[in-house]
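Working notes, structure below.
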Amino acid sequence: MAQSKVHSYILLDRTGSMSSIWTEALSSVNAYAGSIASDAGDIVPAITLAVFDARDGLQFDVLRRAVTAKDWQNVTDKEASPRGMTPLFDAIARIVAMAEADNPDKAVIVVMTDGQENASREVTKEGVKAALDRVEKRGWELVFLGAEFANFADADAVGIASHHSMAMSAPMMRGSMAKLARKSQAYYQNAEANVMFDEADREEAGEADVQKRKGTGLFKSKK
């Protein structure tokens, strides 16, 4: 199979409320990279990891930049720790802009957060929706993951379809991200494949348990 220019972008919420599940969040990111590498075959994606929060404006730190999956070094809590508020719209716009600058043939953009937008200054909801419209036109995939979080109002507001959003319980985050990596790799290798979540994925992620503890998930888009 011919080499293709493919890239996974992971946008990880680093805000203060992530403290209780930070270990699980980092472990899940590393699981994604490990699973991508093990299933890579002839198509080896690059992976970029950025973390974000707000401290007098958007703080957007790139911890891994276009690292080949097979060369991934596990990210640790020595590189980033939870703090600040949630400029979700600003951060999504920034990661999309990064992907557009890279201009890969195929891209998967993974947004993982445990809270709602509350601190953006640079980009409006409409601006994010426009960015995600461009992602869709490119044929790229974007998924929205609630880390112990099941209120999808922000995802709904910017047009993220229900099959692209899912809540994950902390104990299931690593397995869910490893499975997402396999879906990503299928998309990279098959022109007909898409990255989306089904009922089996939701059950394995513990979505119903998160909904009971943290919210109903009724804000999911019906798109």
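Nothing in this text is a laboratory measurement; each read-out follows from the coordinates by a stated rule. All values derive from a computational prediction rather than experimental measurement. Neighbour counts are summed over all protein chains in view; Cβ atoms, including those assigned to glycine, are modelled from backbone coordinates with ideal geometry.
Comparing Asn190, Asn30, Asn74 in a Gaussian network model of the chain, where Cα atoms under 10 Å apart are tied by springs, the biggest mean-square fluctuation is seen for Asn190. Bridges between two residues of the chain, per DSSP, are antiparallel at a rate of about 25%.
Give, as a single signed number, the net charge of other residues whose beta carbon lies under 12 Å from the beta carbon of Glu100, with Lys and Arg counted +1 and Asp and Glu -1. With Lys, Arg at +1 and Asp, Glu at -1, the neighbours total +3. Put a dot 7 Å past the Cα of Asp42, heading toward its Cβ, do the same for Asp133, and the two dots end up 3.8 nm apart. Counted by Cβ distance under 11 Å from Ala147, the other residues give a net charge of -3, where Lys and Arg count +1 and Asp and Glu count -1.
Taken along the Cα-to-beta-carbon direction at a fixed 7 Å, the label points for Asp105 and Asn194 span 2.2 nm. Projecting the Cα atoms of Ala99, Ala167, Ser19 onto the charge dipole of the range 6-214 (Cβ charges, centred on the Cα centre) puts Ser19 farthest toward the positive pole. In angstrom, the C-alpha Rg and Dmax of the range 6-214 are 15.4, 44.
Can you tell me which of Asp90, Asp154, Asp102 moves the most in a GNM of the chain? Springs connect C-alpha atoms under 10 Å apart. Most flexible of the set in this elastic network: Asp102.
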